[in-house]
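In what follows, a single structure is set out as structure tokens and then discussed.
The values are calculated or read from the model by the stated rules, or taken from the named source; none is laboratory data. These numbers were taken from a predicted model, which means no experiment stands behind them. Backbone-built Cβ (ideal geometry, glycine too); neighbour counts: all protein chains shown.
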Amino acid sequence: MDYKDDILGTIGNTPLVKLNKLTANLPCLVLAKYETFNPGNSVKDRMALQMIEDAENEGLLQPGGTIIEATSGNTGMGLALAATVKGYRLICVISDKQSKEKVDILRAMGSEVHVCPSNVSPDDPESYYSTARRLAAEIDDAWYVNQYDNPSNSKAHYLSTGPEIWEQTDGKITHFVVGVGTGGTISGVGKFLKEKNPNIKIWGVDTYGSVFKKYHETGIFDENEIYPYVTEGIGEDILPKNVDFSLIDGFTKVTDQDAAVYTQKLAQEEAMFLGNSAGAAIKGVLQLENHFNKEDIVVVLFHDHGSRYVGKMFNEDWMKEQGFK
Ligand code: PMP
């Protein structure tokens, strides 16, 4: 017989899939690390399980305890899988700019959800960061995950995502391109790949309205870079500890409109039904065209599934309201 002991055993070992149409004008091979095959339909299952297991081992999380996290949805989904299997209570604090589908899915998976305003600064007591911290202080036996600064986040990608990409490309990968939010994916994968071959280039995809690109280029945390944007999951108005800027060769910024339009193109031209950070990531690859040669093997990571965006990028009325069509 061939089976897993529980659903957590299906996390990781996702396929690498060639892009054929959208990248036809690039000289190189472009391969997508296709993370929606994880049981929670996103890459974040990997780090959610790693963070919980490390907290168990360090005695931070007691049997039957409460897990609290500020999450844009995908980490919450990963935490919900592990919390249900392992018997923990889960409270997710989410900002009101996230799609309704993400909130509904979290509730369906047994999480309590608090929705907070997104148009306040991170230090505002109403912000989702502050609300998560307050709940963690108020509730006995609570453990605040803090994916932004929790080293188990990038560790998960150092231990699983990075080695998988290395093995799947027979060590021939030359460039890794990925959207950056907490920084866990880029830093964990980037560290593993650079240790194997320091010539591999690591590119981050950022959004307009986020501080990463300017900070990486100048070392200045410029508040003028911060303004509201639509793309979900990437870009930040803080510098999470999980972003290791020393591993990153450069950032490219993608507009909200391009991210949305390229998310549609991935579905329509490659039959890849993905979230809008995947649209941003593939547009980022196209923007980096001049960095690639014929022999290069570029891996782009697609974080999450299109089902979470049916009311947004996959809804023509929404696209028109945003002025994207
Ligand atoms: N895309 C989506 C849809 C995400 O949920 C996230 C996580 N915030 C990212 C990209 C960025 O990944 P990371 O947090 O590892 O930088």
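What to note about this one:
- In region 273-290, residue farthest from the chain's Cα centre (by Cα) [restricted to those that are away from the ligand (no atom under 14 Å from the Cβ) and surrounded by fewer than 24 Cβ atoms within 10 Å (Cβ to Cβ)]: N290
So that you can scan it fast, the table gives a plain yes or no per residue for (1) assigned to a helix (DSSP H, G or I); (2) assigned by the TED database to the domain that holds F302; (3) more than 12 Å from the ligand (Cβ to nearest atom):
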residue: V113; (1), (2), (3): no, no, yes
residue: N119; (1), (2), (3): no, no, yes
residue: E126; (1), (2), (3): no, no, yes
residue: Y129; (1), (2), (3): yes, no, yes
residue: I165; (1), (2), (3): yes, yes, yes
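- From L81, L90, residue being part of a helix (DSSP H, G or I), at pLDDT 95 or above, touching a Gly at 6+ places or on another chain (Cβ under 8 Å) and more than 21 Å from I234 (Cα to Cα): L81
- Any chance V205 is closer than 30 Å to D96 by Cβ, crowded, with 24+ Cβ neighbours inside 10 Å and modelled with pLDDT of 95 or more: yes
- Residues (more than 15 Å from the ligand (Cβ to nearest atom) and either assigned to a loop (DSSP other than H, G, I, E, B) or touching a strand residue (DSSP E or B) at 6+ places or on another chain (Cβ under 8 Å) (or both)) located in region 242-266: D249, G250, T255
- Filter result for Y227 (of a type outside the set (A, V, I, L, M) and either in contact with an Asp or Glu (Cβ under 8 Å, 6 or more places away or on another chain) or surrounded by 20 or more Cβ atoms within 10 Å (Cβ to Cβ) (or both)): no
- Which numbered condition I220 misses (of (1) away from the ligand (no atom under 16 Å from the Cβ); (2) closer than 16 Å to Y158 by Cα; (3) of a type outside the set (S, T, Y)): (2)
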